[in-house]
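Undergrad: Let me begin by handing over the structure; questions about it come next.
The values are calculated or read from the model by the stated rules, or taken from the named source; none is laboratory data. What you see is a predicted model; the values in this text were computed from it and never measured. When we count neighbours, we look across all protein chains shown, and the Cβ atoms used for this are built from the backbone with ideal geometry, even at glycine. Note: areas computed on protein heavy atoms with side chains; ligands, DNA, RNA excluded. Shrake-Rupley method; radii C 1.70, N 1.55, O 1.52, S 1.80 Å.
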Amino acid sequence: MNQGNPFKLKALVDKWPDFNTVVIRPREEDMEDDLDHYTNTYLIYSKDPENCQKFLSSSEVINWKQHLQIQSSQSSLDKVIENLGAINLGKVKHTQCFLYMILETAKKLAPSLVDVNNLVRSSDNPKPINQELFKFTSLDVAHAALVNSIWHYGGNEKSQKFIERCIHTFPSFCIMGPEGIPVSWSLMDHTGELRMGGTLPQYRNQGLIYHVGSHQIKTLNDLGFPLYSHVDKANFTMQKRVARLSQVPMPCTWNQWNYEPL
């Protein structure tokens, strides 16, 4: 939001100026599709997670009649969100992943968590790419269907629409292959997170996603973006990748609650 708020998000607080809970969400006019949980995403932080239920229950804060996602670095919100799901007669699914910050971001925002001497660095970085075959560039909105086709959480019409908006709104990064189509890429989503990275199956195991990620991190860091990402606890391949990119594991987790009204 500090980068010009290109996704036109809103910040809501329970009181001002001494607020306890803040919710970041899209504008009402951007959440008109009740089934689009990709767009209907709420980001929550609370200094009093055990007593924020009244604020989060308000229909002016969260539209509990829609399919939606809630994201937070606070797993302590789980009980409150489960309660609200039950009160609104809906189903809640909680996903918890590892949370990482790019080293430079961590140095700025959480220096107490960074011990450079103990930072685990990987020495098996891939070889340089063949620049005669592969070119660094950005994605076009027309490439959204390709990204959507292999995104683990996508593969449907609503996810493609969301990817199109992310490509249109934020910097994107890809490696163009010899056939003239992207073969590896990484995007930013509306939360500012590094997301939706992928490589076409026939080009995997060549380290292309490492090179895309390195280029993305350097470019966005130079532009002043705070950079972070999450990785599934069972995705050991991506955990190795973030170690290669010197991303710092956070003591808290990345949490997402998917809510479906019944």
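Undergrad: Against the condition aromatic (Phe, Trp, Tyr), surrounded by 18 or more Cβ atoms within 10 Å (Cβ to Cβ) and either at pLDDT below 95 or under 30 Å from Lys91 (Cα atoms) (or both), how does Tyr228 come out, does it pass?
TA: yes
Undergrad: Which residue, of Phe19, Phe55, is in contact (Cβ under 8 Å) with a residue 40 or more places away in the chain, of a type in the set (A, V, I, L, M, F, W, C) and more than 26 Å from Tyr153 (Cα to Cα)?
TA: Going through Phe19, Phe55 in turn, just one is in contact (Cβ under 8 Å) with a residue 40 or more places away in the chain, of a type in the set (A, V, I, L, M, F, W, C) and more than 26 Å from Tyr153 (Cα to Cα): Phe55.
Undergrad: Can you spot a residue in the range 192-214 that is closer than 19 Å to Gly155 by Cβ and touching a Lys or Arg at 6+ places or on another chain (Cβ under 6 Å)?
TA: no
Undergrad: Given the conditions (1) open to solvent by less than 50 Å² (accessible area, probe 1.4 Å); (2) within 20 Å of the chain's Cα centre (by Cα); (3) closer than 30 Å to Val248 by Cβ, which single one is not true for Ala144?
TA: (3)
Undergrad: Please go through the range 129-139 and pick out each residue that is over 27 Å from the mean Cα position of the chain (by Cα) and either loosely packed, with under 11 Cβ neighbours inside 10 Å or of a type in the set (Gly, Ala, Ser) (or both).
TA: Asn130, Gln131, Glu132
Undergrad: Here is a further query. Do we have Glu164 as of a type in the set (Asp, Glu), modelled with pLDDT of 95 or more and either open to solvent by less than 70 Å² (accessible area, probe 1.4 Å) or part of a loop (DSSP other than H, G, I, E, B) (or both) here?
TA: Yes; evaluated as a whole, the condition is true for this residue.
Undergrad: Tell me the strands (runs of 3 or more DSSP E) entirely within the range 188-262 that contain at least 1 residues that are under 21 Å from Lys135 (Cβ atoms) and hydroxyl-bearing (Ser, Thr, Tyr).
TA: Result: 194-199.
Undergrad: Still on this structure: Looking at Lys15, Lys93, Lys8, Lys65, can you tell me which residue is open to solvent by 80 Å² or more (accessible area, probe 1.4 Å) and under 30 Å from Phe236 (Cβ atoms)?
TA: After applying the criteria, what remains is Lys93.
Undergrad: Does Asp115 satisfy being surrounded by fewer than 18 Cβ atoms within 10 Å (Cβ to Cβ), modelled with pLDDT under 95 and closer than 30 Å to Lys240 by Cβ?
TA: It is true that Asp115 is surrounded by fewer than 18 Cβ atoms within 10 Å (Cβ to Cβ), modelled with pLDDT under 95 and closer than 30 Å to Lys240 by Cβ.
Undergrad: Say whether the condition of being open to solvent by 50 Å² or more (accessible area, probe 1.4 Å) and closer than 22 Å to Trp254 by Cβ is met by at least one residue in the range 198-216.
TA: The answer is no, given that none of the residues of the range 198-216 is open to solvent by 50 Å² or more (accessible area, probe 1.4 Å) and closer than 22 Å to Trp254 by Cβ.
Undergrad: Right, here's the next one. Just wondering, is there one or more residues in the range 31-42 that are of a type in the set (A, V, I, L, M), surrounded by fewer than 18 Cβ atoms within 10 Å (Cβ to Cβ) and without any contact (Cβ under 8 Å) to a residue 12 or more places away in the chain?
TA: no
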